[in-house]
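Participant: Handing you this structure, nothing more for now.
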Amino acid sequence: MVSTKTVVAAALLASTSNAFVAPNVGSVRSTTTSLDAIRRGGRGPRGPVRQTEYKPPMNDEIKHSEVRVNVATKDGKDEPLGILSKADALAKAKELGGLDLILINDNSDPPVCKIVDYSKYRYAQEKKRKEKAKNSKATEIKEVKMSYKIGDHDYTVRLKAATKFIKQGNRVKATVQFRGREIQHDKLGFELLDRLADDLEDMANMEGKPRREGRTIGAILSPTPEVVKAINDAKRKKEKDKKKAKAESLAKRDADIAAGAVAAEQEEEKIIGGVLDGIDLDDDDDFDDDDDMDASLDELLGSSKATDDLFA
């Protein structure tokens, strides 16, 4: 006889087996593939993103009816031509040798255009960009660390280091460090930073007020505009002297080449003159020798009409 527990267990097992539905394998694979694609960053382009070069409007691309026109001269300066219509400006560009009319400033009234060869204009702009990037090197932040109970000698060393960094055009982060319970003397740390700022007031300004960060107190000191101007002037002077020295070197090389060419030409003329001096063009002995040779041939062969016609 079957017990009631056995019947109930069989019924539960049958209902569980009927409720079970096999998973869709394709759906699982699709979901997995999508997740993998998301983890890989999607299907976006791989490698560095290409940046399109900005090309200013030129010639027929200019939409303005009147423009202020400048033309590039040989010495690199711009010569103003005044306000012209777009048609006259294009005709002037064509007249000057098939140059391009390039829109320089669209915000002015009227807009400013320049007549120049676009390839030369692009080269000049790229050169200016590289020069600007080289001169405007990002300033570094140098750090000077101190203790609130620093001695006079160590403070002088930190002050000299900060002065050196400021004169180089860098910003300086002055940090006062505390250990353990020393943080309760943070007032001394603020006073130390104020002292450093006062000692550097001729060449640096403090950006804001000193700030407490955990167990440290820090402040940023930046060079004054006068110091920055002096540094930039020194850089420009150095660059100018470098260009001047290069120009002088090229001029000296050209002068040496020209002097060598003149010396070689003089030496060549001297050699040719010596050779010509050794030749006597007025000497008639060679002609006499030719006459004697003709007489000897007549004696050897005899005089006949056939020989005369042969050697005529």
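Participant: Cα centroid distance between region 186-265 and region 100-132, in Å?
Facilitator: First find each Cα centre; the distance between them is then 30 Å.
Participant: What part of the accessible area of region 139-225, given as a whole %, is carbon or sulfur when the probe is 1.4 angstrom?
Facilitator: The computed percentage sits at 45.
Participant: Tell me, what is the 1.4 Å probe accessible area of residue 83, in Å² to the nearest 10?
Facilitator: Approximately 90 Å² of residue 83 is accessible to the 1.4 Å probe.
Participant: Next question. What residues qualify as long-range amide H neighbours of residue 70, i.e. H under 5 Å apart, gap of 5 or more or another chain, H built at 1.01 Å from N?
Facilitator: 81, 113, 114, 115
Participant: Same structure again: At 1.4 Å probe radius, can you tell me the per residue accessible area of region 122-221 in Å²?
Facilitator: Spelled out: the 1.4 Å probe surface of region 122-221, per residue, equals 70 Å².
Participant: From largest accessible area down, sort 235, 142, 63, 229; use a 1.4 Å probe on the protein chains.
Facilitator: Listed by decreasing accessible area, they come as 63, 229, 235, 142.
Participant: Using a 1.4 Å probe and counting only protein heavy atoms, arrange 153, 185 so the residue with the most accessible area comes first.
Facilitator: From most exposed to least exposed: 153, 185.
Participant: So how exposed is residue 65, as accessible area in Å² (1.4 Å probe, rounded to 10)?
Facilitator: About 90 Å², rounded to the nearest 10.
Participant: Shifting gears a bit: Using heavy-atom solvent-accessible surface (probe 1.4 Å) with all chains present, what is the largest-first order of 101, 81?
Facilitator: Greatest to least solvent exposure: 81, 101.
Participant: Go through 257, 206, 147 and say which Cα lies farthest out towards the positive end of the charge dipole of region 141-257; charges sit on Cβ, +1 for Lys and Arg, -1 for Asp and Glu.
Facilitator: Farthest towards the positive end: 257.
Participant: While we're here: With every protein chain in place, what's the accessible area of residue 100 (1.4 Å probe, Å², nearest 10)?
Facilitator: Accessible area of residue 100: about 30 Å².
The values are calculated or read from the model by the stated rules, or taken from the named source; none is laboratory data. Computed from a predicted model, the values in this text were never measured in an experiment. A quick note on method: Cβ atoms are made from the backbone with ideal geometry, for glycine too, and the neighbour counts reach across all protein chains shown. What goes into the accessible areas is simple: the full protein's heavy atoms, side chains included, and nothing from ligands, DNA or RNA. Shrake-Rupley method; radii C 1.70, N 1.55, O 1.52, S 1.80 Å.
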